[in-house]
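Data first, discussion second: the structure below is written as structure tokens.
Nothing in this text is a laboratory measurement; each read-out follows from the coordinates by a stated rule. Since this is a predicted model, take the numbers as computed values, not measurements. Here the Cβ positions follow ideal geometry from the backbone for every residue, glycine too, while neighbour counts run over all protein chains shown.
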Amino acid sequence: MNCGIGLPNSVRGVDRRGIVEWAQRAEAASFSSLGTIDRLAYPSYESLAALAAAAAVTERIGLVTDILIAPLRTNSALLAKQAATIDHLSGGRFTLGVAVGGREDDFTVGGTDFSGRGRAFDEQLETMTRLWGEDAVAPATPGRERPGLLIGGSNPRSFARAARYADGWTMGGGTPDMLAEAAGHLRAAFAEAGRSEEPRIMALCYFALGDSAQDAARTSLGDYYAFLGDIAEQIIAGAVTDADTARGYRDAFAAAGADELIFFPCSPDPAQVDLLAEALA
């Protein structure tokens, strides 16, 4: 299983070093991918802009939105163009992970319809697939028709979308046991859609390492997930704060069937990249 690392694009206090230097360190440490998390109603860096910056200062590492809240981008042609542009500029390193989103305030700030986001998402997937296939809005990356594509979400509709449009599925949070169960539903959806290939499966977890690891996890995750109430405490408690837990998560998700696990940071300090690489070594 591959291990990726998230950019701290959604960690308070992030600056240029948290994108540019972070990306360069991650590539030097041989992480498989750089990931982003998406919000609108939060003082974070926008995901596609952050990955475009990372693409410009790296050569090999993958780039993935895990996930991008697609219905917030109401112009599907523009989103298809942005994704294809990053893919082309990076030499085919980009994977667009997309889902419907679950925070109503993101949609309120964006002036978009929260209740209709599922229908809008289906229309987006149809439109983007058509435009990529027609090479209509951006140059296609040599050797492939479109960027990599993953669908997020945990309901049956998410697995059906992945089977119809995408390369696989990404789990936005949960345990290895939950991933193993979901992977069975995903493979069944692929089979029902007549697809014989094995779907790509991605998962994520959160980490902070070093002397103030637990404080960093509590501060960052407690703020980011405050809207979840008591569930935020569970997310904080599940964060990786030592090397043994980092290796344990890696091994457990690999055994559950994940192809890649992305460790998302709770600190914007680029030194966290090296600490995680050492922990996983």
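Here are the numbers:
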read-out: Residues being surrounded by fewer than 22 Cβ atoms within 10 Å (Cβ to Cβ), within 21 Å of Thr219 (Cα to Cα) and of a type in the set (Val, Ile, Thr) - total across the stretch 1-42; value: 1
read-out: Subset of the stretch 248-281 (residues that are among the hydroxyl-bearing types (Ser, Thr, Tyr) and in contact with a strand residue (DSSP E or B) (Cβ under 6 Å, 6 or more places away or on another chain)); value: Tyr249
read-out: Considering residues of the stretch 225-281 that are in a strand (DSSP E or B) and among the β-branched types (Val, Ile, Thr) only, the residue surrounded by the fewest Cβ atoms within 10 Å (Cβ to Cβ); value: Val240
read-out: Members of the stretch 167-200 that are over 25 Å from Ile236 (Cβ atoms), in contact (Cβ under 8 Å) with a residue 40 or more places away in the chain and not in a helix (DSSP H, G or I); value: Asp167, Gly168, Arg200
read-out: Test: residue in the stretch 139-152 that is among the β-branched types (Val, Ile, Thr), out of contact with any strand residue (DSSP E or B) (no Cβ under 6 Å at 6 or more places or on another chain) and in a strand (DSSP E or B); value: no
read-out: Extreme residue, farthest from Met171 (Cα to Cα), among residues of the stretch 59-96 that are among the hydroxyl-bearing types (Ser, Thr, Tyr) and surrounded by fewer than 21 Cβ atoms within 10 Å (Cβ to Cβ); value: Thr85
read-out: Single residue of the stretch 33-48 satisfying the filter (polar (S, T, N, Q) and assigned to a strand (DSSP E or B)) that is nearest to Val100 (Cα to Cα); value: Thr36
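A quick yes/no check of all residues on (1) within 30 Å of Ala281 (Cβ to Cβ); (2) of a type outside the set (Asp, Glu); (3) in contact with a Leu (Cβ under 7 Å, 6 or more places away or on another chain):
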{"site": "Asp15", "(1), (2), (3)": "yes, no, no"}
{"site": "Leu40", "(1), (2), (3)": "no, yes, yes"}
{"site": "Ala53", "(1), (2), (3)": "yes, yes, no"}
{"site": "Leu79", "(1), (2), (3)": "no, yes, no"}
